[in-house]
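> Sharing a structure below in structure tokens format, with a few things to ask.
The values are calculated or read from the model by the stated rules, or taken from the named source; none is laboratory data. What you see is a predicted model; the values in this text were computed from it and never measured. No Cβ is skipped: glycine too gets one built from the backbone with ideal geometry, and neighbour counts run over all protein chains shown.
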Amino acid sequence: MARASSTLVSSARFAPGEIPNADVAGRSPRQPPEKPTLEEYWPDIEGLIHRETVTDEGIPQGNFFDLGVLHILTTATIDALRSAYPGGRFEARRFRPNIIVQTQAGEGGFVENSWLNQTLAIGDQVQVRVFSPCPRCVMTTLPQGDLPQDHGILRAAAQHNNANVGVYALVVRPGMLHRGDQVTAAGE
């Protein structure tokens, strides 16, 4: 398990299993749909489940999240993708994680994959349960601020990590996170 420093991208306090009822600006969203779905465009990129099509995907009821409330991404994953596709601009903001974990020197590859179905302790208070890889879609290839459109971003993720970038987690024990908190597998 990686012992690493974490950088909090946004702060929030949730009860175990709680789904936020407001966005990060404190605005209350409207009521979620009873049977939510989303349309997902799949570009013609080798390694994706579908190619050059649009699919209807079911998403969890009772919220506005595609799959998970908490998206965790490591610097090792960003570095692995940069190595796989040096011409691409791999920056965390392309993937919109809630938490970025800075892995230790020498820890490489897709570190988060080893966290699946584990509980992570972050600092002294917080525990999260990693339940799924974070599958990425064409949104990561679109221009964002000064980041250019680049289909190679998704292509690299598809070819080297089954189109996953980071993991999804649920809050098991709430609390405050702080920059520099250690991230460990609970019980480690």
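> Can you tell me which residue among ILE19, ILE59, ILE100 is modelled with pLDDT of 80 or more and hydrophobic (A, V, I, L, M, F, W, C)?
Sole residue among the options that is modelled with pLDDT of 80 or more and hydrophobic (A, V, I, L, M, F, W, C): ILE100.
> Looking at VAL171 and the list (1) in a helix (DSSP H, G or I); (2) in contact with a Phe, Trp or Tyr (Cβ under 9 Å, 6 or more places away or on another chain); (3) not small (Gly, Ala, Ser), which single condition is not satisfied?
Answer for VAL171: the failing condition is (1).
> Then there's this: Checking GLU107 against (1) farther than 22 Å from ILE49 by Cα; (2) modelled with pLDDT of 90 or more, which test does it fail?
(2)
> If I ask for residues that are outside any loop (DSSP other than H, G, I, E, B) and in contact with an Asp or Glu (Cβ under 7 Å, 6 or more places away or on another chain), which ones from the stretch 74-95 would you list?
THR74, ALA76, THR77
> Moving on. Has the stretch 129-150 got at least one residue that is within 14 Å of the chain's Cα centre (by Cα), of a type in the set (A, V, I, L, M), surrounded by 20 or more Cβ atoms within 10 Å (Cβ to Cβ) and within 26 Å of ASP44 (Cβ to Cβ)?
The answer is no; no qualifying residue exists.
> Output the residue which, of all residues in the stretch 96-141 that are part of a loop (DSSP other than H, G, I, E, B) and of a type in the set (A, V, I, L, M), is farthest from ALA84 (Cα to Cα).
Going through the qualifying residues, I end up with LEU116.
> Would you mind stating whether GLY68 is part of a loop (DSSP other than H, G, I, E, B), small (Gly, Ala, Ser) and in contact with a Leu (Cβ under 8 Å, 6 or more places away or on another chain)?
It is true that GLY68 is part of a loop (DSSP other than H, G, I, E, B), small (Gly, Ala, Ser) and in contact with a Leu (Cβ under 8 Å, 6 or more places away or on another chain).
> Residues in the stretch 151-188 that are crowded, with 19+ Cβ neighbours inside 10 Å and among the acidic types (Asp, Glu): how many?
1
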